[in-house]
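I have placed the structure first, in the form of structure tokens, so that the comments after it can refer back to it.
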Amino acid sequence: MSEEFAAKIVDLHKTFPSQWGKGGVHAVQGVSMEIKPGEVYGLIGPNGSGKSTLMKALLGLVQPTSGQCYIYGKKSTSPESRVDVGFLPENPYFYKFLTGAETVAFYGKLCGLRGKELKEKVTELLNLVGLSDAADRRLGGYSKGMLQRIGLAQALVQKPRFLVLDEPTAGVDPLGARDIKDIIENLKESGMTVFLCSHLLEQVQEVCDRVGIIFKGILIAEGTVAELTRDAEKAQIVLEEASPELLKHLEEIVKEDGHAKWLELSHPQKSLESVFLKCLLDWKSKHQS
Ligand SMILES: Nc1ncnc2c1ncn2[C@@H]1O[C@H](COP(=O)(O)OP(=O)(O)O)[C@@H](O)[C@H]1O
Ligand SMILES: [Mg+2]
């Protein structure tokens, strides 16, 4: 399979068996999606909607009940598919007694870095995630935001071209979250493909090229932020140099008018948050009535 897509998920189902052997939890129910190289794709959905399970299946960390996942054309079940992937898990576990620099160095060593190369990588990554000043402090004293940054540095240590971030801003204050968003934007500019999930809709709106909305393991909406937030029921015309009189007779005359320039015909945008809530409510009323 080609490298047309950084990630491809085909009709993925994951059911976790229940403790009592009956039914089970349908964490992911028939999701198909694709992530193009260079794209920042954001998966949004409430807690328990299947975001982490989907990401883990893509990374080969969870065995799908059915369906296939591919990274750069390689099946997620093969370890080769993970060569180019960096992953920030939902609740990363780090050794509290190591410093920031020691932690990144630890992961660097796991990836085969040594000596000068390792030292330079640690400095570069701590700088990138804004932790240079805290490099020699132990992680036990780090805030949640700082730990997420260390998690990001860890995910980047092996120079991935595809980054999977499970709730990168969970538990981080708004300022810290903004920094993480900026880091993601810089990574995107450097050509990185990013797949993240979040419940912080505003940040998703700002940083993602495309967004998928997942609910109860089903991808219920997908598109660019502009497509999803486009309010198709309303139209707006943006005019330059239009007089108040002209505005009054807008409908009849604007296209024939010689002075006013028709600059744009567009649709007012709704907030991603309102689209998200509407998708959820519509789905609920359709399926639970
Ligand atoms: N290892 C597991 N065993 C049993 N159920 C699980 C397991 N992992 C996740 N689940 C269940 O699958 C559903 C989706 O979970 P998850 O993918 O973590 O959602 P999200 O990341 O969107 O919060 C939840 O109902 C969760 O309880
Ligand atoms: Mg999760």
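Structure summary
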| quantity | calculated |
| --- | --- |
| Electrostatic dipole magnitude of the chain [Cβ: Lys, Arg +1; Asp, Glu -1; Cα centre; debye, to 20] | 1780 |
| Rounded tilt (10° steps) of 272-287 against the dominant C-alpha axis of the chain | 90 |
| Computed [θ] at 222 nm, deg cm²/dmol, the chain (DSSP H ≥ 4; -39,500 (n - 2.57); rounded to nearest 500) | -10000 deg cm²/dmol |
| Most mobile listed residue (G24, G48, G115) in the chain, GNM with C-alpha springs under 10 Å | G115 |
| Gaussian network model of the chain, Cα within-10 Å springs - most flexible of E240, E120, E167 | E240 |
| Ranking of T229, T15, T169 by count of other Cβ atoms within 10 Å, fewest first | T15, T229, T169 |
| GNM result for the chain, Cα springs below 10 Å: residue of V25, V225, V122 fluctuating most strongly | V25 |
| Charge dipole of region 7-230 about the Cα centre (unit charges at C-beta), most positive-ward option of I184, L126, Y93 | Y93 |
| Length-normalised contact order of the chain in % [C-alpha pairs under 8 Å, at least 6 apart] | 21 |
| Acute angle (nearest 10 degrees) that the helix 115-128 long axis makes with the longest principal axis of the chain, alpha-carbon atoms | 30 |
| Qualifying lysines (Cα of each under 26 Å from Cα of K116; at least 8 residues distant if same chain) | K96, K159 |
| Least to most buried among M55, M146 (fewest other Cβ within 10 Å first) | M146, M55 |
| I220 long-range amide H proximity, modeled H, under 5 Å | I213, I214, F215 |
| Rounded tilt (10° steps) of 144-156 against the dominant C-alpha axis of the chain | 80 |
| Footprinting exposure proxy for T103, T65, T53 (fewest neighbouring C-beta atoms within 10 Å first) | T65, T53, T103 |
| Loop-located trypsin sites (Lys or Arg not before Pro) in region 1-31 whose Cβ has at most 11 other Cβ within 10 Å (DSSP) | K22 |
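None of the figures in this text is laboratory data; all of them are computed from the coordinates on show. The structure displayed is predicted, hence computed values, not measured ones. Ideal geometry is used to build each Cβ from the backbone, glycine not excepted, and the neighbour counts take in all protein chains shown.
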